[in-house]
1. Among Tyr116, Tyr168, rank each residue by its count of other Cβ atoms within 10 Å, from fewest to most, as a rough exposure measure.
2. Given +1 on the Cβ of Lys and Arg, -1 on the Cβ of Asp and Glu, and no further charges, what dipole in debye does region 157-200 carry about its Cα centre, rounded to the nearest 20?
3. Rounded, prolate or oblate, given the Cα gyration tensor of region 68-208, with a/c below 1.5 counting as rounded?
4. Just add up the charged neighbours of Ile109: K/R +1, D/E -1, any other residue whose Cβ is under 14 Å from the Cβ of Ile109.
5. Quick check on region 13-124: take the gyration tensor over C-alpha atoms, sort the square-rooted eigenvalues as a ≥ b ≥ c, and tell me if it's rounded (a/c under 1.5), prolate or oblate.
6. State, as an integer percentage, the relative contact order of region 14-116 based on alpha-carbon contacts under 8 Å between residues 6 or more apart.
7. When a/c is below 1.5 the answer is rounded, else prolate if a/b is larger than b/c, else oblate, so apply that to region 75-152 with a ≥ b ≥ c taken from the square roots of the Cα gyration tensor eigenvalues.
8. What spacing in nm lies between the two simple spin-label points modelled at Glu75 and Thr165, each 7 Å away from Cα in the Cβ direction?
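Every number in this text was worked out from the coordinates using simple rules, so none of it is lab data. What you see is a predicted model, and the numbers here were worked out from it, not measured in a lab. Note that we place each Cβ from the backbone using ideal geometry, even for glycine, and neighbour counts take in every protein chain shown.
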Amino acid sequence: MSWGYWPPSCSCPSGGTATVPAAWDAGIRWRSLRTVHPTDPVMPAAYVRDVLLRVVNGTVEDSNIESLITAATEEAEEMTQRALMPQTWQMILSGFPSGDIVLERPPLIEVTSFAYTDTDGNAQTLAVSPLDFQVVPSGKYQKARLRPLVTESWPSALSGEDAVTITYTAGFEDPLDPQLEYIRRGIAVLVGELYKQRSLTVVGTSIVPAPMDLSRFFRKVY
């Protein structure tokens, strides 16, 4: 969960002051949550078992392997701040910002609903087909943005913790997307290590394994 903030001023080398550009969410609060989890894993347990881990005892450990895939996928999504397999998210805001709304967990697939409470307390919606707003798609390392139509502005909303609710689907629709494949490699490395190293200490020693540097696979989006 993240909340809006009001940026401070900073000191300049010349002795003057400069104002840090306001964040998109300056003056509002928001939170995001996943409402529908993915139905398919990033990689099937059978593939991990037979190709990556080369398990020799058949399907006996499949439930453990599935658990490791789930844990590694959650770690990858948290580190990258992405949605990997298609899933549904909601973003709930205390009001409309002055400009763009930045959606968490790219890549964005589509906005499925956009609801808000007007200043009279009535439930209202912005159309999603055709769109009553603009969508700036996710970039390779950037989150998608929503903004008002040209010459328009966001409507007035009643101030409150759940004044605006945006529901959307996110994730990689193409299982062959190169970005997803690279992240999948990192998940495979993490699953392999978790499968092999089942405790914090190495048998016969008191050595604690160093944490793995997975940043090369799990690059964060902003």
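1. Tyr116, Tyr168
2. 440 debye
3. On the way: a/c = 3.55, a/b = 2.32, b/c = 1.53.
Verdict is prolate for region 68-208.
4. With Lys, Arg at +1 and Asp, Glu at -1, the neighbours total -1.
5. Oblate.
6. 45 percent
7. prolate
8. Each label point is offset 7 Å from its Cα along the Cβ direction, giving 3.5 nm.
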